Structures are given as structure tokens and as C-alpha cells.
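Accompanying notes for the structure given below.
The values are calculated or read from the model by the stated rules, or taken from the named source; none is laboratory data. Only a predicted model underlies this, so the values are computations on that prediction, with no experimental measurement involved. Here Cβ is always computed from backbone atoms with ideal geometry, including for glycine, and neighbour counts include all displayed protein chains.
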Amino acid sequence: MQRVDGNAEFQRLWPTLFMAIRLPGHEAANPVLTSVILQVNSQQEQLTTNYLNQNLFELNHPAISWLQQCVLRAIADYVAEAGMPKMPEVSVQAWANVNAKGDYHNLHNHPHSWLSGTYYLNVPGQTTETGSRDDLNPGCISFFDPRGAANMSALRNDGQFDPEYRRLPEAGELYLWPAFLHHFVHPNLSDDPRLSISFNVVVTNKSQHL
């Protein structure tokens, strides 16, 4: 069908930028990071839920420093893709997630932060027990459309209105997204723990806020 006006202007408003990258060198780094995380987990109760009172990136360890540099590089790439003129001044707080069988994270976002992200050390193979629901998505992470009224006009096959983006992570992958974005971490149904490192990115220079 021919357009009525060839000079029509189209803009995609309020985009939500999501980044995924497989970190080079993760094959060597992940076993070391796993050992570090399991040791810290054995020494601290409620390691995962007590995330506000810790910053894993303050730990003096070569593997932790490697991951911190990778995160900063990813943030810089995210800034460039977003079209921002320069990298803002930021601080990054990180914590470990050790999810045993059955563990999950409720629907949530990350207040008081600009960006959030997760790096995956391992994603165990998942199995569903006989008689369980057929809509389980063990091991996955789901992100949800932040536009509360978007589903009022949702049409099938229109990518603007898909309410959920679900992804099964792989070891070595790092995800980065706006901290306001609600997400849900599906249960780990493996006998092996699922290990990841999450982080918040906070803009420290208040003059860079709107």
C-alpha cells in the first residue's frame, strides 16, 4: 500500500535499552569467581538478601577486578548505544546471588539506581518434576513492559506491545538494563546452585540528573 505522504516522520518514543554480552575470558574467570563466591557465602548468612550492606567490588581479588573492569566497559558501551554525549560519573555496587534449588527472586526493580545488571557464573541444567505446571520457565529471567497502559491496545504480532521479554541466560553472559525495569528471576529447579553477580549503577554527580 502506498503511503499518503512520503514526508511522514516516524519516531520510536520511550525506548527501553537492554544489553547482553558474552564476556571474553569468562571460561577462565568463572571457576575462580565461583570459588570466591562460595567461600564468601559460607562465611556470611543471607548473602543474597543482604545485598545493600555489601559491595563485592571492594574485595581485593584479581578475578573480581577483572569483572569490575568488564562491567565498566559494558556501561560505556551502553552509554554510547543510548546516544549520550559522554559517560556520567558513576559508582557500581555488586553482590552475589547463590540460588539453591527452589530459590527465585520476586518481581522487583532497583530504586535509587540508574542501571542494573547481572553476570552469570553458571546456569545449571533445569528439570521439571512429573506433574508440575507446564508453564514453568526454570532458570530464566523475565523483564516486563514498564509502560503500565501499553496493553490497552495490544495487538497480536505487534512487537511494541509484547508485555514480557524472557531469556534463559548462559554462563559468561552479562545483562544490563535500566534500573526502573521490573524483572522476575524464575526458580532454580536444579540440585546445583545457580550463581550470579548482580550490580547497581548509581550516578554520583547530581548535576547530571534531570
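Quick check on this structure: which one of Gln44, Gln54 is farther than 20 Å from Tyr175 by Cβ, among the polar types (S, T, N, Q) and either surrounded by 14 or more Cβ atoms within 10 Å (Cβ to Cβ) or in contact with an Asp or Glu (Cβ under 6 Å, 6 or more places away or on another chain) (or both)?
Gln54
Hey, Trp95 hits all of (1) farther than 30 Å from Lys206 by Cα; (2) in contact (Cβ under 8 Å) with a residue 24 or more places away in the chain but one; which does it fall short on?
(1)
Is it fair to say Asn205 is touching a Phe, Trp or Tyr at 6+ places or on another chain (Cβ under 8 Å), loosely packed, with under 13 Cβ neighbours inside 10 Å and at pLDDT below 95?
It is false that Asn205 is touching a Phe, Trp or Tyr at 6+ places or on another chain (Cβ under 8 Å), loosely packed, with under 13 Cβ neighbours inside 10 Å and at pLDDT below 95.
Among Ala100, Ala63, which is modelled with pLDDT under 95 and among the hydrophobic types (A, V, I, L, M, F, W, C)?
Ala100
So is Ser142 part of a strand (DSSP E or B) and at pLDDT 95 or above or not?
When the stated conditions are applied, Ser142 passes them.
Looking at the stretch 114-129, can you tell me whether even one residue there is touching a residue at least 24 places away in the same chain (Cβ under 8 Å), assigned to a strand (DSSP E or B), among the hydrophobic types (A, V, I, L, M, F, W, C) and in contact with a helix residue (DSSP H, G or I) (Cβ under 9 Å, 6 or more places away or on another chain)?
Within the stretch 114-129, one or more residues are touching a residue at least 24 places away in the same chain (Cβ under 8 Å), assigned to a strand (DSSP E or B), among the hydrophobic types (A, V, I, L, M, F, W, C) and in contact with a helix residue (DSSP H, G or I) (Cβ under 9 Å, 6 or more places away or on another chain).
Restricted to the stretch 167-190, and to residues that are touching a Cys at 6+ places or on another chain (Cβ under 7 Å) and surrounded by fewer than 17 Cβ atoms within 10 Å (Cβ to Cβ), which residue is farthest from Gly25 (Cα to Cα)?
Arg167
Ala80 fails exactly one of the following numbered conditions: (1) surrounded by fewer than 18 Cβ atoms within 10 Å (Cβ to Cβ); (2) assigned to a loop (DSSP other than H, G, I, E, B); (3) of a type in the set (Gly, Ala, Ser). What is the number of that condition?
That leaves (2) as the condition not met.
Under the condition of being assigned to a loop (DSSP other than H, G, I, E, B) and of a type in the set (Gly, Ala, Ser), which residue from the stretch 145-157 is surrounded by the most Cβ atoms within 10 Å (Cβ to Cβ)? Break it down into steps so the answer makes sense when it comes.
Just the residues of the stretch 145-157 that are assigned to a loop (DSSP other than H, G, I, E, B), to begin with: 145-149, 154-157.
Narrowing the set further to residues that are of a type in the set (Gly, Ala, Ser) leaves 148-149, 154.
On the way: Gly148: 7, Ala149: 7, Ala154: 12.
So the residue we want is Ala154.
Could you please let me know if Gln160 is assigned to a helix (DSSP H, G or I), more than 14 Å from the chain's Cα centre (by Cα) and surrounded by 11 or more Cβ atoms within 10 Å (Cβ to Cβ)?
Judged against the criteria, Gln160 is a match.
Please enumerate the residues belonging to the stretch 85-95 that are aliphatic (A, V, I, L, M) and at pLDDT 95 or above.
Answer for the stretch 85-95, where residues must be aliphatic (A, V, I, L, M) and at pLDDT 95 or above: Val90, Val92, Ala94.
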